[in-house]
Structure formats: structure tokens, C-alpha cells
1. How about the range 435-552: which strands (runs of 3 or more DSSP E) wholly inside it have at least 2 residues that are aromatic (Phe, Trp, Tyr) and under 29 Å from Met409 (Cα atoms)?
2. Evaluate the following for Glu407: is it of a type outside the set (A, V, I, L, M) and in contact (Cβ under 8 Å) with a residue 60 or more places away in the chain?
3. Could you go through the range 296-305 and let me know if any residue there is at pLDDT 95 or above, open to solvent by 10 Å² or more (accessible area, probe 1.4 Å) and under 21 Å from Ser105 (Cα atoms).
4. Whether any residue in the range 276-291 is touching a Phe, Trp or Tyr at 6+ places or on another chain (Cβ under 7 Å), within 16 Å of Leu388 (Cα to Cα), basic (Lys, Arg) and assigned by TED's automatic domain parsing to the domain that holds Asn302 is what I want to check.
5. So, in the range 531-552, exactly how many residues are β-branched (Val, Ile, Thr) and more than 18 Å from Tyr438 (Cβ to Cβ)?
6. Tell me which residues, restricted to the range 388-408, are within 16 Å of ligand 1 (Cβ to nearest atom) and out of contact with any Pro (no Cβ under 7 Å at 6 or more places or on another chain).
7. Out of the residues in the range 408-423 meeting the condition of being touching a Leu at 6+ places or on another chain (Cβ under 7 Å) and not aromatic (Phe, Trp, Tyr), tell me which one is surrounded by the most Cβ atoms within 10 Å (Cβ to Cβ).
Amino acid sequence: MPTSAESKPSIQTIAINTPFTDQKPGTSGLRKSSKQFESSHYLESFIEAILKTLTGVQGGTLIVGGDGRYGNNRAIDVIIRMAAAHGVRKLITTTNGILSTPAASHLIRSRDAIGGIILSASHNSGGPDGDFGVKVNGSNGGPASESVTNEIFSYTQTLNQYKIVNASAISLTSPGQHLIGEMIVEVIDGIDDYLALMQKIFDFEKIRGLLNKDFPIVFDALHAVTGPYARRLFIDILNAPSGSVRNGIPLEDFGGGHPDPNLTYASKLADLLLNGKDYCFGAACDGDGDRNMILGQGCFVNPSDSLAVLTANAHLVPAYADGLLGVARSMPTSSAVDAVAKDLGIDCFETPTGWKFFGNLLDANRITLCGEESFGTGSSHVREKDGLWAVLCWLQILAERKCTVSEIMTNHWSRFGRHYYSRHDYEAIDANAAQALYSRIETLLPRLKGEKLAGNTIKQADNFCYQDPIDGSITKNQGLRILLEDTSRVIIRLSGTGTKGATLRVYLEKYTNNKDELSLDSQVALKSLIKGINVLGEIHERTGMNQPTVIT
Ligand code: VG1
Ligand code: CO
């Protein structure tokens, strides 16, 4: 029974004078500065468009939570009051509003919700001067499809009012049930259900055994959403020492850091593993807990390689012991997983960037694992990438194989060859300059076939276009590809998640199975490709930068 009730709140209709024109079509949410979200009616306008567009809002169940950044709980309050005004029957949110993206995906699925609203700008920085975001997920638990986000966008174009009830804010400090008019608000612990799901997938006893041996690990939550999950998982359940979780308290501004698990923004963790001897294994997740970075002592695992290693060793994880239905990777992700899929005799799909493209393949039981080069790995257990799940996969494999991370990598490369891979990000560049650079290469593409790049002949040059194998839908303009005869590739994309200027991403890949060339530094192995694309794309001149902001 509800523990507190509001007496019949009145529904207000608020007129909006300035039209909302900000949402780009095709993205599964809205990501802007916190300041922008604080401007009047901005958040409300987007929520109105979502509630008008999602199917089943009237009488349905909605999941709401976020990564704890500045603005999280204000947004939850607004969504609760707007959901009540739109006839939602039950809204499930979490203590302190903390809910990771994969945990939200699981709740949507397990509670038969019509969808969810996740408050996060993912790996972008937070705080009053940082970014905020609203992600929309559908009833399968995954990012809303392109048709839904396009509908939300169209709705924002004509929006001139929104509905909200007057009610005092519900306390999120502890679990409980509340009533706002006829809508039930259930505040639950956002961690329990997720950890119960993990216990079904993995053999916790085996992992506990590994951690209790001489195998110290360190997990960096970067003061973001995974802190409470990781403390309960690693320390309370798996009995790792309390120092195993760093930065485990979620902070509104992530302690001034950038919750992006890569070698630049998680450099302290990287230093502990790459230059220190205290830990055998290190990992970090991003703001909303869907990304992961894996490190061993003296060893960084490239995310594309991580997907390949998980695929090759999935049978060691209880939930995947019977084998995989298939795998998928985003187009810019390296082909390392393709080599493993071929060996296993399973399908390997190549999709555009963004998790939503894996949804149909997962729903149709065509794939079990999938991943992106941007530190995203996941499986059919939810419809989002899942950072802590990936960390547990690695620990399960290490517990079974009884070796080090770097031994796993070396063995993998000697068996399948190595796909040297790197992503160069040029962040916050002038948007016009970025567009001009991109358009220029796009115009050059038809003339590139047969030309040379890095001493190799260009076999194909195009703008990636995807046809969904399940519903036949076509998605164009997903990145400029230059494919060479020796299977090397260079991809150019403009980011869809940045909020300042534009971010140019250059993806580089080169394969070798020469036993003497398996342990080079990847920047060295890719040197001529890097030089080739910098010259062809006039990247330094046009971005005004001599070096990328982030090299992965
Ligand atoms: C980036 C990554 C992409 C990822 C997306 C969302 O997009 O490259 O692989 O799916 O972020 O990740 P872009 O357009 O900036 O390259 V997250 O952790 O926001 O959910
Ligand atoms: Co994320």
C-alpha cells in the first residue's frame, strides 16, 4: 500500500511561447549543457514530446532514473509530475534517483514497462557547467528506434504547451510507494534487480575464488553511477578488499572529472595498471555505466579486441556455455570479432554506430554478444551495453583460464592474428570546419578507388549504408569508409554525442598474422595509415590541431 498520498493534484496546462527546435532527428535522446536544460520549459518540452509519442503511456508503467549528475533529481520530479498528468499508471524510480543504463534496460524488461527515461549525458562531463541528457528507451529495454525518435522530433516542432500536475516532490531517500492522483510512484533500490540478474549469468563462487587468491583488482567508478553497484558487487558480494573500488561515491559533477573510461580521462587508473605492480586487473565504467575499459598489469585491452576475446571465451561463462547465436559489431569496430565468429561458424553482423541497431538482431535471437569500439560490450541479457557485465565476463574468464590478461591477449593474437586498431578524436573543433573537412572527403570518395593510401591500393571508398536484416529498413550516411586491398581500413565520422563544436573521429585498422609483428605499439603499427589519412583529409590544417584530443 502507498505510504503517502497527495490529495487530487490539479493538472496544469502550460503554454510555451518559444518553439522547441533543438532535438536532432535520429538520436535516441537529447544531450545538451546543464544550463540549456535549466532554461524555462526546455526539459518539460522534451518530456512532453516523449510522453505524447511513446506507445501505451495512458495506463502504462514507466521506468525513470539517472546517473546522479547535476539536474538528476529535479528532472525525476518533473517527469513524475508530467507522467501523472499524462495518465501513466505506475512510475518506477530508484533511491536517490540512481539507475545505470543497463539496470534501467533490465527493469523495463522485467517490469513489463512501456519504456524508460534515463537521465544521463553518458560519458560527457556533468555539473552546472557540464552536460545533461535525457535518453528514451522503448519496451524492449533498448534505445528508442529511429522511427520513434523521428516522431519525438516532429512533435517538438509543433509543441506549444505541456501538461504537469502540481504536487510536492517525492522523497527518493528510501524505497517506498506513493500516490500522485491515481498514479503509483514506486521508489525501489535500483541495484538489487541488476545484481540478481548478474548472479544468474555468472558463477559468483568461482569469481570470489579468484579475487580471494592473489589476484588484486581495482575498479574505478569515476564518481559516476556504477559506484554503488560496484561497492555492493565487488566488496559486499565478492569479498574484494574495500580499496578495490575507487571513486565509488556518485557526485553531481563527477568530482570535476570526465566520466569517460579511456586512457585519457581515466588516466589515474591506467597509470596504476600500466606502470604499477599492485593490481592484476583494472576496469572503469562511464557516467551511466554502459561502457567499460579493461586493463591488465602492463596491458590495455582495446575494446574491439575485448569483444573478440569475450566471443572466443564465452563458453566459459555459465549463461553462454551452450554457445552463441551470433555476434554483431558496429562498422567502425575492428574486424577482430569477425575472425573469431568465422572460426566458431556463427554469423557476424556489421551495424551502424549506436546500440539501437543491435536491438532487432537481439530481439530476433540472431545474436548473443555485440559491441562497439567505443568501450561498449553487451549481450542479450539486456538491450543496452553493460559495463559491469563486461567486467564480470573478464573476471569469469580469468578465473577459468588461470592466467593473466596479457597472456590472454598474446594467446588470442597468436591464434587469430592481430587487428591493430586506434581511434583518433579531435574534440570541440569548429563545427563549420569539421563539416567542410567531412564533405570534402565525401566528395573525393568516388575518385579514390584504385588510388594509393599508405602504400596500399584503395579497393572501395563509400559512405556506409545499412539495411537492417530483420525489418529491411535502410539507414544512410553512417560514416566514410576507405577500404584497402590488404584489409586495412580508415573510417571518418562526425560524433553525434558531443555538445561543444564538433568532434571528428578517425578510426584506423590494420591486420597482421606475422608472428614477429604481434606486439608492436598500435600507433607505430598504424603509422603510415595515420599519416596517409592526415594528408588526404588535410586534418591538421583544417582542425587547427597537431594532435588528436584523445587517442585510443
Ligand atoms: C559515441 C560512440 C558510440 C556510442 C555513443 C553512445 O557516439 O562513438 O559508439 O554508441 O557514443 O554511447 P558518437 O556519435 O559520439 O561517436 V553512450 O555511453 O552515450 O550511451
Ligand atoms: Co554511456
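1. On the way: elements: 456-463, 480-484, 489-494, 502-512.
Because the criterion is at least 2 residues that are aromatic (Phe, Trp, Tyr) and under 29 Å from Met409 (Cα atoms), the strands (runs of 3 or more DSSP E) in the range 435-552 that meet it are 502-512.
2. No.
3. So far as the range 296-305 goes, no, none of its residues is at pLDDT 95 or above, open to solvent by 10 Å² or more (accessible area, probe 1.4 Å) and under 21 Å from Ser105 (Cα atoms).
4. Yes, that holds for at least one residue.
5. So the answer is 3.
6. To start, the set of residues in the range 388-408 that are within 16 Å of ligand 1 (Cβ to nearest atom) comprises 388-391.
Residues satisfying the conditions are Leu388, Ala390, Val391.
7. So the residue we want is Arg418.
Residues are listed down the side, and each one gets a yes or a no for (1) open to solvent by 70 Å² or more (accessible area, probe 1.4 Å); (2) modelled with pLDDT under 80; (3) out of contact with any Leu (no Cβ under 8 Å at 6 or more places or on another chain):
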residue: Pro2; (1), (2), (3): no, yes, no
residue: Ser7; (1), (2), (3): yes, yes, yes
residue: Phe20; (1), (2), (3): no, yes, no
residue: Gly29; (1), (2), (3): no, no, yes
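The values are calculated or read from the model by the stated rules, or taken from the named source; none is laboratory data. Treat the numbers as computed from the prediction; the structure is a model and nothing was measured. All Cβ positions, even for glycine, are placed from backbone atoms using ideal geometry, and neighbour counts span all protein chains on display. Note: accessible area is taken over every heavy atom of the protein model, side chains too, but ligands, DNA and RNA are not part of it. Shrake-Rupley method; radii C 1.70, N 1.55, O 1.52, S 1.80 Å.
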